[in-house]
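Chemist: One structure, pasted below without further comment.
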């Protein structure tokens, strides 16, 4: 399977998940807590701010120490 097929598969999954979240959010039978979770997931996916920080801040000094031969 080539890279093009992987990208197409990934795009199909994203589209499927987005449509699923949309219908769950719009359905009147969906509990309010689930609707809030749907909104949070979409906002987190589209947010330019990383809410869960990367480990780069903690790992970078360790890499620098190991490379410098301390």
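The values are calculated or read from the model by the stated rules, or taken from the named source; none is laboratory data. None of the values given here were measured: they were computed from a predicted structure. Glycine gets a Cβ as well: all are built from the backbone with ideal geometry, and neighbour counts include every protein chain shown.
Chemist: Taking residue 30 and the conditions (1) outside any helix (DSSP H, G or I); (2) modelled with pLDDT under 70; (3) more than 13 Å from the chain's Cα centre (by Cα), which numbered condition does it fall short on, given that it satisfies the others?
Modeler: Among (1) outside any helix (DSSP H, G or I); (2) modelled with pLDDT under 70; (3) more than 13 Å from the chain's Cα centre (by Cα), the lone unmet condition for residue 30 is (2).
Chemist: Still on this structure, please answer the following. Just for segment 38-56: of the residues that are in contact with a helix residue (DSSP H, G or I) (Cβ under 9 Å, 6 or more places away or on another chain) and part of a helix (DSSP H, G or I), which one is modelled with the lowest pLDDT?
Modeler: 45
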